[in-house]
Amino acid sequence: MTDFNTVLFDSIYKEDVYSPAPSPTIVIDQPWETIEKEERVLLSKILAAVKHSLDSVSIKHQPSLDLSPWKEKPRRVIYFGKPINGIALYEVLDTHGSVVVCAERLKDLIKNDEAKKKLWQALKKQFL
């Protein structure tokens, strides 16, 4: 026996339902208020390179990257902060449904062109 509500729903709503892709999450190891203008500009440029903006991402502060307390795991995470033992910088890590790239602090990245190139290579893999 067919459920009347299902038949009614299927006949009224013929379009496929799409859920938007979750926005990337940026994790920084210091409060957003302490991020200087030059660092924000760099972050904006990094995000623009992967077709995002500061308004299209979620920015979280954690002293060190830890996804375990999050109920909903983001699909893509970029961490800017102090190095984490056992995690290489600028490597794409797939961990329990989240694809993570760790980089040095934004203020350190500003001065390091080689690190920016490594980050770009990792982000191309993460966002493709």
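Evaluating Arg75 against the criteria (1) within 18 Å of Lys125 (Cβ to Cβ); (2) at pLDDT below 95; (3) buried (at least 17 other Cβ atoms within 10 Å of the Cβ) leaves one unmet condition, (3). Tell me, yes or no, whether segment 52-63 has at least one residue that is exposed (fewer than 14 other Cβ atoms within 10 Å of the Cβ), modelled with pLDDT under 85 and more than 25 Å from Asn112 (Cβ to Cβ). No, because not a single residue in segment 52-63 is exposed (fewer than 14 other Cβ atoms within 10 Å of the Cβ), modelled with pLDDT under 85 and more than 25 Å from Asn112 (Cβ to Cβ). Note down all Cβ pairs under 8 Å where the first residue falls in segment 85-100 and is within 12 Å of Lys73 (Cβ to Cβ), the second is aromatic (Phe, Trp, Tyr), and they're at least six residues apart or on different chains. Matching pairs, first to second residue: Val100/Tyr79.
Only residues that are of a type in the set (A, V, I, L, M, F, W, C) and at pLDDT 95 or above: list them for segment 111-128, please.
Kept after step one, since they are of a type in the set (A, V, I, L, M, F, W, C), are these residues of segment 111-128: 115, 119-120, 122-123, 127-128.
Residues satisfying the conditions are Ala115, Leu119, Trp120, Ala122, Leu123.
What do you reckon, is Asp108 over 14 Å from the mean Cα position of the chain (by Cα) and either surrounded by fewer than 15 Cβ atoms within 10 Å (Cβ to Cβ) or in a loop (DSSP other than H, G, I, E, B) (or both)? Judged against the criteria, Asp108 is a match.
The values are calculated or read from the model by the stated rules, or taken from the named source; none is laboratory data. Not measured: the values here are computed from a predicted model. Because the Cβ atoms are built from the backbone with ideal geometry, glycine has one as well, and the counts that use them run over all protein chains shown.
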